[in-house]
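First the structure, in the form of C-alpha cells, and then the observations on it.
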C-alpha cells in the first residue's frame, strides 16, 4: 500500500510539515494516532471543514487513527487566526448544541467503531482548569516575544488583540499535550492558518514530556484567484441539508470556475489521480463533463447517492437534457397565500427565493429574474391564475438558480 503521506502530497493537501522525512517514515511504518480540531461556532460543518474531513478519511483508510476534537472549550474563547476582529462570544448552551451537531455530521464520514477513531471534546479538560496552576505548569513554557511574532497574532496587533484571545494558543497547545497523554496522539493537523498554534503544541510536548510530536498543515480551500471557496451570496455552503439543500450544494460545485475543477476533484473526491488529471485537463466546453462528475461525487459523499441522483436529474431537467422536474427545489403554498402575495417581490420573498426585497429589486433592474422563462421587467409585476403552469410557477435568478412554487 502506498504511504498515505505520498497520497496526501500528490493530491495537493500538504502545505507545511514540521519534520517531513520523520513524518513520512512514521506514517509508513506503523499506525499513528493524530488529531484535527473543530471549534463548534455554528450548528453545522461547512465546505471549509470538508478538506479536514477528507484528510482524516484518507488517513483512516491507510490504517491510522483519527481523533476528531470538538472545541467545546476553545470555542468559549475563539481563535484569532485569520480574523480582523474578535469573534462574538457564545453561551455554553449554544456551543454544546453545536458540538452535538458536529458529532452527528462527522459520524457520516468516519468510522467511529471500536479502535477506528475517537471523538473528544476539549471542554472536558479545559473548563475545569485551575488558572494559576495552568500558568505555572503550561504558561511557563511560552515566550511572549515568540507568540507576538506568530502570524496569527501579528495581523491583529494594530487593530487590537485582547488578552482573552491571546490565551487561545496556549489552550490549543494544551489540547495536543492532553491528547498525547490520553491517547498517544503524535501528530496534529489543521488548515495552514493554524501553523503557529500547531507549532506551539509540538514544542510544548517536547518540552514537558520529552516526546516526539509533529505538525502538518494542509492547503486552505481557495479559488484560483485566492478567495476562500464555499461562500455564496446567501452565505456559506453548509453540509447540513436543511441549511444548504442537496440541489444547491450540487449546483455550487457544478458552477465552479474551470481553473478550480482539477484541484477540487483532487481534494474533495476519492477519484484516482489518473482520472483527476484526465478530467482536469479536458479542453474547452468539455470541462463541463468534469464539473458534473465533481458535483455528483461530492454530493454523493456528503448527502448520499439518492440525493446526488435527484440533484443531477433536477439539473438536467432545468438545462434541457431531460429529467424529472419534481426534483427541483420546491415550495408549496395555498391558493390564499398566492393571492395575498401576488406581487412578485412579496411572493418570492415569502418563499425564501430572494433574501430581501432589495435583492429582488436589484435582480429585476439588472434583468436577472425570470418567471416561467420570461424576464420580469417591473417590480410592480402581479401574478394571476393565468401565470400558473401545471399548478405552479418556475422562477429563476441569473442563469442557473431555479425554484418551483406549487399552489395547492
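The values are calculated or read from the model by the stated rules, or taken from the named source; none is laboratory data. Only a predicted model underlies this, so the values are computations on that prediction, with no experimental measurement involved. Glycine also receives a Cβ, built like all others from the backbone with ideal geometry; neighbour counts cover every protein chain displayed.
If we scan segment 231-247, do we find a residue that is surrounded by fewer than 16 Cβ atoms within 10 Å (Cβ to Cβ) and at pLDDT 95 or above?
no
Go through 24, 11, 65 for me and flag whichever is modelled with pLDDT of 95 or more, under 21 Å from residue 118 (Cα atoms) and touching a helix residue (DSSP H, G or I) at 6+ places or on another chain (Cβ under 9 Å).
Just a single option satisfies the conditions, and that option is 65.
If you go through segment 114-138, how many residues are over 24 Å from the mean Cα position of the chain (by Cα) and within 13 Å of residue 66 (Cβ to Cβ)? Before you say what the answer is, go through the steps one by one.
Narrowing segment 114-138 to residues over 24 Å from the mean Cα position of the chain (by Cα): 114-115, 124-138.
Narrowing further to those that are within 13 Å of residue 66 (Cβ to Cβ): 115.
Total meeting the criteria: 1.
Could you check segment 274-292 and list, in sequence order, the residues that are closer than 20 Å to residue 51 by Cβ and out of contact with any helix residue (DSSP H, G or I) (no Cβ under 6 Å at 6 or more places or on another chain)?
275, 277
Only one of these conditions is not met by residue 194: (1) part of a loop (DSSP other than H, G, I, E, B); (2) on the phi < 0 side of the Ramachandran plot. Which number is it?
Condition (1) is where residue 194 drops out.
Which ones in segment 34-49 are surrounded by 21 or more Cβ atoms within 10 Å (Cβ to Cβ) and assigned to a loop (DSSP other than H, G, I, E, B)?
Matches in segment 34-49: 39, 40, 45.
Take residue 215 and tell me if it is modelled with pLDDT under 95 and either under 19 Å from residue 135 (Cβ atoms) or not in a helix (DSSP H, G or I) (or both).
Answer is no for this residue.
Looking at segment 253-265 only, could you name the residues that are surrounded by 18 or more Cβ atoms within 10 Å (Cβ to Cβ) and in contact (Cβ under 8 Å) with a residue 60 or more places away in the chain?
Across segment 253-265, the qualifying residues are 254, 263.
Search segment 19-31 for residues being assigned to a loop (DSSP other than H, G, I, E, B) and under 28 Å from the mean Cα position of the chain (by Cα), and hand back the single one that is farthest from residue 62 (Cα to Cα).
Within segment 19-31, the match that is farthest from residue 62 (Cα to Cα) is 19.
Assess whether residue 214 counts as being in contact (Cβ under 8 Å) with a residue 60 or more places away in the chain and over 24 Å from the mean Cα position of the chain (by Cα).
yes
Being within 22 Å of the chain's Cα centre (by Cα), part of a helix (DSSP H, G or I) and either closer than 17 Å to residue 193 by Cα or not assigned by TED's automatic domain parsing to the domain that holds residue 70 (or both) narrows it down to one residue among 52, 16; which is it?
Residue meeting the stated conditions: 52.
In segment 381-393, which residue that is out of contact with any helix residue (DSSP H, G or I) (no Cβ under 8 Å at 6 or more places or on another chain) and assigned to a strand (DSSP E or B) is modelled with the highest pLDDT?
In this case the residue turns out to be 392.
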